[in-house]
Every structure is written in C-alpha cells, then in structure tokens.
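Only the coordinates and a few stated rules stand behind these numbers; no lab work does. Since the model is a prediction, treat every value here as computed from it, not as a measurement. Cβ: placed from backbone, ideal geometry, glycine included. Neighbour counts: every protein chain shown.
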Amino acid sequence: MRRRHRVRLAVNLLNGSTLAGLAVSLAGRAQLARIPDGLLVGTGYRLPVPPAPAFTLGNVILARHDRLPRDTVLLRHEARHATQYAWCGGLLMLPLYFAAAGVSWLLSGDVGAWNIFERGAGLADGGYAAVPLRAMLRGRRTADGGRPRAGGQKRGPASMRSAWPRLRSWTSRTCLTDRQPLPVRRNSPR
Ligand SMILES: [Zn+2]
C-alpha cells in the first residue's frame, strides 16, 4: 500500500469516519470486502437513505449494486471521497458536503455540477453532468467566454451587473478547484 493510502487509512480510523461507515454498512446489511489501498466496499446496501446508488463514509464505500467491479470509474470516484474525509477531519465533511451541494444548486440548479467535493472527485466518474451556471449568472459572458466587449448589449438590472464581477471572482475561487472550468457558453441549452 502506498504511503498516502496508509496515512488516509490511519487518519480516517482516528477521526471516526471509517467506524461510522462500518456502522452504516452493518445497518444497511451490506456485504463488506477489502479492496486495495486500504478501502472497504460494502455491496447490496439496503437502507432507503441516502438515495444515491453509491456513497462513501471514511474508507468504507457503500453501494446498492450486488457487485462493484474493482476497476470501475465509480469506485475511483468514491475512493477520492475517502481522501476528502481525511482532509476534512472525518464526519465534519458531511455538513461541508451538504453546504457545497446547496451552493451548487444555487449556482446551477444541480447539487453536483458545482459542488467542490464532486468536482474534486471527478464529475463524470461519479455520473454527474457538467451543468452550466444559471442563465442570470452567465448573462454577462460573451460567446467566447471572456469579458463583454465595449458597447456590447447590456443585460439584467444594474444591481445584478455590479454584483456579477464579485460573484464570478468568488465562484472561481471556490468552485474551479480542478482548473477545468465547465464549458459555460451563453448559448448553452440551460
Ligand atoms: Zn461523489
């Protein structure tokens, strides 16, 4: 096992998130199996919450599937969430995650697309679509994604026009962690 995976294993044991994962796995009657990098996979999870097909608590990845092959992109996505638990101090990640999901919904109407945790774990690997920002947030972008040209058509009320530069700066600091901005264009379908 690589050193960083040993550290993740130890940190998530100490912060209690893996123990919480084991308890939830037991409650959901999942079949646990060890996989490489110090992770555990529990398949056949039966409880109705959370509704997601797969989720992670500490180093425990839980899935509703009866089988979860080792080399799937979903497993790699969930493994990155296990690392996020170590960085976030364990179960403290849960309120942070839900706050990030709320921010993502406010920005785009989707709880995953602009969620800093899902973007860090890989949107496509987790089955999330790259949803652009809400129309009112991208109204000032030009077709090439840059600043509006001088004399260009002004859109939205004055208060929104003055708020836009601050909001864009804030979202770029909080959301574009993987340095690959979503393909936001004015003419996008949403
Ligand atoms: Zn995820």
Restricted to segment 63-79 and to residues being charged (D, E, K, R) and touching a residue at least 40 places away in the same chain (Cβ under 8 Å), the residue nearest to the ligand (Cβ to nearest atom) is Glu78
I'd like to know if segment 25-35 contains one or more residues that are surrounded by 16 or more Cβ atoms within 10 Å (Cβ to Cβ) and either within 16 Å of the ligand (Cβ to nearest atom) or among the acidic types (Asp, Glu) (or both).
no
Would you confirm, using the coordinates I've provided, whether Gly90 is closer than 23 Å to Arg4 by Cα, within 12 Å of the ligand (Cβ to nearest atom) and in contact with a helix residue (DSSP H, G or I) (Cβ under 9 Å, 6 or more places away or on another chain)?
no
Which of the residues that make up segment 63-84 are part of a helix (DSSP H, G or I) and among the β-branched types (Val, Ile, Thr)?
Val73, Thr83
So, in segment 86-127, of the ones that are among the aromatic types (Phe, Trp, Tyr) and closer than 25 Å to Pro36 by Cα, which residue ends up surrounded by the fewest Cβ atoms within 10 Å (Cβ to Cβ)?
Trp87
Please enumerate the residues belonging to segment 5-31 that are touching a residue at least 24 places away in the same chain (Cβ under 8 Å) and over 16 Å from Leu92 (Cβ atoms).
His5, Arg6, Val7, Leu9, Leu22, Val24, Ser25, Gly28, Ala30
When you scan segment 86-127, how many residues do you find that are of a type in the set (Asp, Glu) and within 24 Å of Gly16 (Cα to Cα)?
1
Answer residue from segment 63-85, given it is over 15 Å from the mean Cα position of the chain (by Cα) and within 16 Å of Gly21 (Cα to Cα) and is surrounded by the fewest Cβ atoms within 10 Å (Cβ to Cβ) among those
Arg64
Residue, surrounded by the most Cβ atoms within 10 Å (Cβ to Cβ), within segment 40-62, restricted to residues that are away from the ligand (no atom under 12 Å from the Cβ), in a strand (DSSP E or B) and without any contact (Cβ under 8 Å) to a residue 40 or more places away in the chain
Val41
Members of segment 85-114 found to be of a type outside the set (A, V, I, L, M) and outside any helix (DSSP H, G or I), listed by number
Cys88, Gly89, Gly109, Asp110, Gly112, Trp114
